[in-house]
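What follows is a set of notes on a single structure, which appears directly below.
The values are calculated or read from the model by the stated rules, or taken from the named source; none is laboratory data. Since the model is a prediction, treat every value here as computed from it, not as a measurement. Reconstructed Cβ throughout: ideal geometry from the backbone, glycine too, with neighbour counts over all protein chains shown.
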Amino acid sequence: MTLLRTVVVSGSTSAPSKTLLLARHILAAVAAEATIEPFVVDLAELGAELGGALTRSALPARTEHALRRVESAEILIAATPVYRGSYTGHFKHLFDLIDQNALIDIPVILAATGGSDKHCLVIEHQLRPLFGFLQSLTVPVGVYASPADIADGEVRSELVLSRIRSAARQAVQLASPRPGSAVRPPALAQTA
(Lines give C-alpha, C1' and ligand atoms only; values in the text may rest on other atoms or scores of the structure.)
Protein backbone atom coordinates (compact mmCIF):
# COMPACT_ATOMS: atom_id res chain seq x y z
CA MET A 1 0.00 0.00 0.00
CA THR A 2 0.99 3.56 -0.64
CA LEU A 3 1.11 6.14 2.14
CA LEU A 4 0.04 9.47 0.65
CA ARG A 5 0.36 12.76 2.51
CA THR A 6 -3.11 14.19 1.95
CA VAL A 7 -3.72 17.77 3.01
CA VAL A 8 -7.01 19.63 3.24
CA VAL A 9 -7.13 23.41 3.04
CA SER A 10 -10.52 24.68 4.16
CA GLY A 11 -10.92 28.33 3.20
CA SER A 12 -13.87 29.00 5.48
CA THR A 13 -13.25 31.27 8.44
CA SER A 14 -16.49 30.15 10.10
CA ALA A 15 -17.00 27.34 12.57
CA PRO A 16 -18.89 25.13 12.14
CA SER A 17 -18.29 25.11 8.40
CA LYS A 18 -20.09 23.35 5.57
CA THR A 19 -16.90 23.77 3.55
CA LEU A 20 -14.84 21.89 6.14
CA LEU A 21 -17.58 19.25 6.35
CA LEU A 22 -17.44 18.77 2.57
CA ALA A 23 -13.62 18.63 2.63
CA ARG A 24 -13.67 15.98 5.36
CA HIS A 25 -16.05 13.87 3.25
CA ILE A 26 -13.58 14.13 0.37
CA LEU A 27 -10.71 13.23 2.70
CA ALA A 28 -12.62 10.10 3.81
CA ALA A 29 -13.17 9.15 0.17
CA VAL A 30 -9.43 9.48 -0.54
CA ALA A 31 -8.76 7.32 2.55
CA ALA A 32 -11.09 4.68 1.09
CA GLU A 33 -8.90 4.59 -2.05
CA ALA A 34 -5.42 4.63 -0.45
CA THR A 35 -3.59 4.66 2.85
CA ILE A 36 -3.10 8.31 3.72
CA GLU A 37 -1.40 10.55 6.23
CA PRO A 38 -4.07 13.25 6.66
CA PHE A 39 -3.56 16.85 7.74
CA VAL A 40 -6.21 19.57 7.87
CA VAL A 41 -5.49 23.29 7.52
CA ASP A 42 -8.61 25.02 8.84
CA LEU A 43 -8.63 28.75 8.24
CA ALA A 44 -11.29 29.12 10.94
CA GLU A 45 -8.41 28.31 13.32
CA LEU A 46 -5.49 29.94 11.49
CA GLY A 47 -7.15 32.85 9.68
CA ALA A 48 -6.23 35.56 12.18
CA GLU A 49 -2.58 34.46 12.27
CA LEU A 50 -2.42 34.13 8.50
CA GLY A 51 -4.19 37.43 7.83
CA GLY A 52 -1.85 39.31 10.14
CA ALA A 53 1.25 38.28 8.15
CA LEU A 54 2.17 40.16 5.01
CA THR A 55 5.19 37.94 4.37
CA ARG A 56 6.04 34.33 5.09
CA SER A 57 8.71 35.35 7.58
CA ALA A 58 6.04 37.07 9.70
CA LEU A 59 4.00 33.89 10.20
CA PRO A 60 3.71 32.35 13.67
CA ALA A 61 5.27 28.88 13.98
CA ARG A 62 1.91 27.05 13.93
CA THR A 63 0.87 28.69 10.66
CA GLU A 64 4.32 28.20 9.11
CA HIS A 65 4.02 24.50 9.98
CA ALA A 66 0.63 24.37 8.22
CA LEU A 67 2.09 25.96 5.08
CA ARG A 68 4.96 23.45 5.09
CA ARG A 69 2.44 20.62 5.30
CA VAL A 70 0.60 22.06 2.28
CA GLU A 71 3.90 22.26 0.39
CA SER A 72 4.66 18.59 1.19
CA ALA A 73 1.24 17.29 0.10
CA GLU A 74 0.99 14.41 -2.32
CA ILE A 75 -2.73 15.02 -2.67
CA LEU A 76 -4.29 18.38 -1.88
CA ILE A 77 -7.97 18.99 -1.22
CA ALA A 78 -8.62 22.70 -1.74
CA ALA A 79 -12.06 23.74 -0.50
CA THR A 80 -13.54 27.20 -0.14
CA PRO A 81 -16.89 28.81 0.37
CA VAL A 82 -17.94 31.13 -2.41
CA TYR A 83 -17.47 34.70 -1.22
CA ARG A 84 -18.46 37.50 -3.57
CA GLY A 85 -18.16 35.22 -6.59
CA SER A 86 -14.76 33.75 -5.75
CA TYR A 87 -12.67 32.03 -3.08
CA THR A 88 -12.15 33.73 0.27
CA GLY A 89 -9.35 36.25 0.75
CA HIS A 90 -7.65 34.17 3.45
CA PHE A 91 -7.68 31.15 1.13
CA LYS A 92 -5.94 33.17 -1.60
CA HIS A 93 -3.52 34.70 0.90
CA LEU A 94 -2.44 31.22 2.04
CA PHE A 95 -1.65 30.21 -1.53
CA ASP A 96 0.11 33.54 -2.13
CA LEU A 97 2.53 32.57 0.64
CA ILE A 98 3.11 29.01 -0.60
CA ASP A 99 6.30 28.46 -2.61
CA GLN A 100 5.09 28.73 -6.20
CA ASN A 101 6.98 25.56 -7.18
CA ALA A 102 5.82 23.41 -4.25
CA LEU A 103 2.63 22.10 -5.87
CA ILE A 104 3.93 21.34 -9.35
CA ASP A 105 2.40 18.04 -10.56
CA ILE A 106 0.49 17.53 -7.29
CA PRO A 107 -3.08 16.24 -7.71
CA VAL A 108 -5.59 18.75 -6.36
CA ILE A 109 -9.26 18.09 -5.71
CA LEU A 110 -11.16 21.35 -6.09
CA ALA A 111 -14.22 21.84 -3.90
CA ALA A 112 -16.54 24.71 -3.03
CA THR A 113 -19.72 25.45 -1.14
CA GLY A 114 -22.14 28.21 -1.93
CA GLY A 115 -25.56 29.58 -1.12
CA SER A 116 -27.11 28.25 -4.33
CA ASP A 117 -26.29 26.23 -7.43
CA LYS A 118 -25.68 29.53 -9.25
CA HIS A 119 -22.16 29.61 -7.79
CA CYS A 120 -21.05 26.16 -8.99
CA LEU A 121 -18.82 27.54 -11.76
CA VAL A 122 -16.47 29.05 -9.17
CA ILE A 123 -14.50 25.81 -9.48
CA GLU A 124 -13.90 26.34 -13.19
CA HIS A 125 -13.55 30.12 -13.27
CA GLN A 126 -11.63 30.80 -10.04
CA LEU A 127 -10.07 27.69 -8.50
CA ARG A 128 -8.84 25.87 -11.61
CA PRO A 129 -6.90 28.93 -12.91
CA LEU A 130 -5.26 29.46 -9.51
CA PHE A 131 -3.96 25.90 -9.40
CA GLY A 132 -3.12 26.03 -13.09
CA PHE A 133 -0.75 28.88 -12.27
CA LEU A 134 0.79 26.70 -9.55
CA GLN A 135 1.18 23.93 -12.19
CA SER A 136 -0.83 21.47 -10.13
CA LEU A 137 -2.76 18.56 -11.60
CA THR A 138 -6.35 19.49 -10.87
CA VAL A 139 -8.55 16.42 -11.15
CA PRO A 140 -11.25 16.72 -13.81
CA VAL A 141 -14.15 16.30 -11.38
CA GLY A 142 -14.78 19.27 -9.11
CA VAL A 143 -17.05 19.00 -6.07
CA TYR A 144 -19.61 21.71 -5.40
CA ALA A 145 -22.30 21.60 -2.70
CA SER A 146 -25.15 23.98 -1.95
CA PRO A 147 -27.21 24.04 1.27
CA ALA A 148 -29.69 21.61 -0.33
CA ASP A 149 -26.88 19.03 -0.60
CA ILE A 150 -25.93 19.08 3.10
CA ALA A 151 -28.22 18.28 6.03
CA ASP A 152 -27.63 17.33 9.67
CA GLY A 153 -23.86 17.46 9.29
CA GLU A 154 -23.79 15.07 6.34
CA VAL A 155 -23.55 15.34 2.57
CA ARG A 156 -26.96 13.99 1.50
CA SER A 157 -26.90 14.48 -2.27
CA GLU A 158 -26.11 11.26 -4.15
CA LEU A 159 -24.79 13.36 -7.05
CA VAL A 160 -22.32 15.18 -4.77
CA LEU A 161 -21.31 11.90 -3.10
CA SER A 162 -20.69 10.36 -6.53
CA ARG A 163 -18.53 13.33 -7.53
CA ILE A 164 -16.60 13.00 -4.26
CA ARG A 165 -15.84 9.34 -4.97
CA SER A 166 -14.81 10.09 -8.57
CA ALA A 167 -12.54 12.96 -7.55
CA ALA A 168 -10.89 10.84 -4.85
CA ARG A 169 -10.28 7.98 -7.29
CA GLN A 170 -8.80 10.36 -9.88
CA ALA A 171 -6.50 12.03 -7.34
CA VAL A 172 -5.15 8.73 -6.05
CA GLN A 173 -4.49 7.55 -9.60
CA LEU A 174 -2.49 10.72 -10.27
CA ALA A 175 -0.58 10.74 -6.98
CA SER A 176 2.89 9.48 -6.31
CA PRO A 177 4.67 9.77 -2.97
CA ARG A 178 7.37 12.38 -2.57
CA PRO A 179 10.73 11.62 -0.98
CA GLY A 180 10.29 10.85 2.70
CA SER A 181 7.02 8.93 2.34
CA ALA A 182 6.86 5.62 4.16
CA VAL A 183 6.03 3.44 1.17
CA ARG A 184 6.56 3.90 -2.55
CA PRO A 185 3.92 2.84 -5.06
CA PRO A 186 4.65 0.00 -7.47
CA ALA A 187 6.15 1.09 -10.77
CA LEU A 188 3.58 1.92 -13.40
CA ALA A 189 3.57 -0.19 -16.53
CA GLN A 190 4.99 1.74 -19.42
CA THR A 191 3.45 1.59 -22.83
CA ALA A 192 5.17 2.20 -26.12
Handout entry: Scan of the stretch 2-60 for residues that are touching a Pro at 6+ places or on another chain (Cβ under 7 Å) and under 19 Å from Phe95 (Cα atoms), ordered by number
Key = Thr6, Gly11, Ser12, Thr19, Glu49
Exercise for the section: Go through (1) basic (Lys, Arg); (2) more than 21 Å from Ile104 (Cβ to Cβ); (3) touching a strand residue (DSSP E or B) at 6+ places or on another chain (Cβ under 7 Å) and name the single condition Arg5 misses. Expected result: (2)
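Can you give me the number of residues within the stretch 101-116 that are surrounded by 13 or more Cβ atoms within 10 Å (Cβ to Cβ) and either modelled with pLDDT under 95 or of a type in the set (Ser, Thr, Tyr) (or both)? So that I can check it myself, show each step before the final result.
Within the stretch 101-116, the first condition is being surrounded by 13 or more Cβ atoms within 10 Å (Cβ to Cβ), and the residues that meet it are 102-103, 106-114.
Filter once more, keeping what is either modelled with pLDDT under 95 or of a type in the set (Ser, Thr, Tyr) (or both): 113-114.
Final tally of qualifying residues: 2.
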Handout entry: Single condition Ser136 does not satisfy, out of (1) within 20 Å of Arg24 (Cβ to Cβ); (2) at pLDDT 95 or above; (3) small (Gly, Ala, Ser)
Key = (1)
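Across the stretch 45-61, which residue is modelled with the lowest pLDDT among those that are outside any loop (DSSP other than H, G, I, E, B) and out of contact with any helix residue (DSSP H, G or I) (no Cβ under 7 Å at 6 or more places or on another chain)?
Let us first name the residues in the stretch 45-61 that are outside any loop (DSSP other than H, G, I, E, B), namely 45-51, 56-58, 61.
Filter once more, keeping what is out of contact with any helix residue (DSSP H, G or I) (no Cβ under 7 Å at 6 or more places or on another chain): 45, 48, 57-58, 61.
Numbers: Glu45: 93, Ala48: 88, Ser57: 91, Ala58: 91, Ala61: 94.
Here the answer is Ala48.
Give Ile123, Ile36 a once-over and let me know the one that is in a helix (DSSP H, G or I) and in contact (Cβ under 8 Å) with a residue 12 or more places away in the chain. Walk me through how you get there before you give the answer.
Details: Ile36 fails: in a helix (DSSP H, G or I).
Just a single option satisfies the conditions, and that option is Ile123.
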Practice task
Collect the residues in the stretch 134-158 that are part of a helix (DSSP H, G or I) and either small (Gly, Ala, Ser) or surrounded by 11 or more Cβ atoms within 10 Å (Cβ to Cβ) (or both), keeping them in residue-number order.
Solution key: Pro147, Ala148, Asp149
Problem - Gly180, sole failed condition from (1) among the small types (Gly, Ala, Ser); (2) touching a helix residue (DSSP H, G or I) at 6+ places or on another chain (Cβ under 6 Å); (3) at pLDDT below 95 - result: (2)
Problem - Of all residues in the stretch 74-91 being without any contact (Cβ under 8 Å) to a residue 60 or more places away in the chain and of a type outside the set (Ser, Thr, Tyr), the one that is farthest from Glu33 (Cα to Cα) - result: Arg84
Exercise for the section: Determine if the stretch 68-87 includes at least one residue that is crowded, with 16+ Cβ neighbours inside 10 Å, in contact with a His (Cβ under 7 Å, 6 or more places away or on another chain) and not hydroxyl-bearing (Ser, Thr, Tyr). Expected result: yes
Practice task
State which residue pairs qualify: first residue of a type in the set (Lys, Arg) and inside the stretch 1-27, second residue modelled with pLDDT of 95 or more and in a loop (DSSP other than H, G, I, E, B) in any location, beta carbons under 6 Å apart, and separation of 6 or more residues or different chains.
Solution key: Arg5/Ser72; Arg5/Ala73; Arg5/Glu74
